[in-house]
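Student: This structure is in structure tokens; I'll ask about it shortly.
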Amino acid sequence: MSERAAPFHCPYCGDEDLFPNEQGHGAWECRSCNRAFRLKYLGLLARGLASGTTGGEDT
């Protein structure tokens, strides 16, 4: 089963008029500004959580 995360806004004009593009996986087109773009998942960051968190303890 193939699931894809859909973008909510066009990265160029900010409009929500987006549709999958026939160019393949991750390709989208904005019918508002007439641009096509591709999204690619790069992976998880190795940094983890931000430092300085105390786990909810109050001092």
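Bear in mind that the values in this text are calculations on the coordinates, not laboratory data. All figures in this text were calculated on a predicted structure; none of them were measured in a lab. Note: ideal-geometry Cβ built from the backbone for every residue, glycine included; neighbour counts use all protein chains shown.
Student: For the stretch 1-40, go through all pairs of different Cα atoms, get the mean of 1/r, take its inverse, and jot down that Kirkwood value in Å. Don't skip to the end; give the middle numbers.
Tutor: Numbers: mean 1/r = 0.0977 Å⁻¹.
By the Kirkwood definition, the hydrodynamic radius is 10.2 Å.
Student: With each label point set 7 Å from Cα along the Cα-Cβ vector, what nm distance links Tyr41 and Ala5?
Tutor: Label-label distance for Tyr41 and Ala5, simple model: 0.7 nm.
Student: Among Phe8, Phe19, which comes first, then next, by fewest other beta-carbon atoms within 10 Å?
Tutor: Details: Phe8 8, Phe19 11.
So the residues, fewest neighbours to most, are Phe8, Phe19.
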